[in-house]
Amino acid sequence: MLIELPTAWRLENYANENIVIWFTGASAVGCTNGRLAPDSAMSAQDRSRLWSLVLSAKLSNRKVGLSYSGTGNACVITSFFID
């Protein structure tokens, strides 16, 4: 699990509603460039919620929590919250 301020994170939206979050603190535990992406089974609504949550946290200087699994370029977000 990762809990941190997302101020330095970069959000990218790719084709077919694929979201990737770069430069998270997850790079310290094995995720290349801090790359985290939602599970492929995550609904479009949940992907939208994730995007909104991170943007809201950036604007309000609140911490975001991400649970994820995997290593390298395959670190997958399984759940998320704002703290």
- request: Leaving ligands, DNA and RNA out of it, report the carbon-plus-sulfur percent of the accessible area of the chain at a 1.4 Å probe.
  value: 51
query: Using helices alone, what [θ] at 222 nm do you get for the chain, with -39,500 (n - 2.57) per DSSP H run of 4 or more residues, divided over all residues and rounded to the nearest 500?
result: -7000 deg cm²/dmol
query: For the stretch 64-73, in order, what is each residue's ³J(HN,Hα) by Karplus, 6.51 cos²θ - 1.76 cosθ + 1.60 with θ = phi - 60°, in whole Hz (x at glycine and Pro)?
result: 10, x, 10, 9, 8, 9, x, 9, x, 8
message: How charged is the neighbourhood of ARG10? Take every other residue with its Cβ under 15 Å from the Cβ of ARG10, and add Lys/Arg as +1 and Asp/Glu as -1.
response: 0
message: Kirkwood hydrodynamic radius, the chain, all distinct C-alpha pairs: what's the number in Å?
response: 12.4
query: Highest mean first, what order results for 40-47, 6-13 on Cβ atoms within 10 Å?
result: 6-13, 40-47
- request: Take the alpha carbon atoms of the stretch 53-77, find their center, do the same for the stretch 1-32, and report the distance between the two centers in whole angstrom.
  value: 6
query: Under a Cβ-Cβ cut-off of 12 Å, what is the net charge of the residues other than SER79 that fall near it, where Lys and Arg count +1 and Asp and Glu count -1?
result: -1
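The values are calculated or read from the model by the stated rules, or taken from the named source; none is laboratory data. Since the structure is predicted, the reported quantities are computational estimates derived from the model, not experimental observations. Virtual Cβ from ideal backbone geometry, glycine too; neighbours counted across all protein chains shown. Remember, those area values only see protein heavy atoms, side chains included, never the ligands or the DNA or RNA. Shrake-Rupley method; radii C 1.70, N 1.55, O 1.52, S 1.80 Å.
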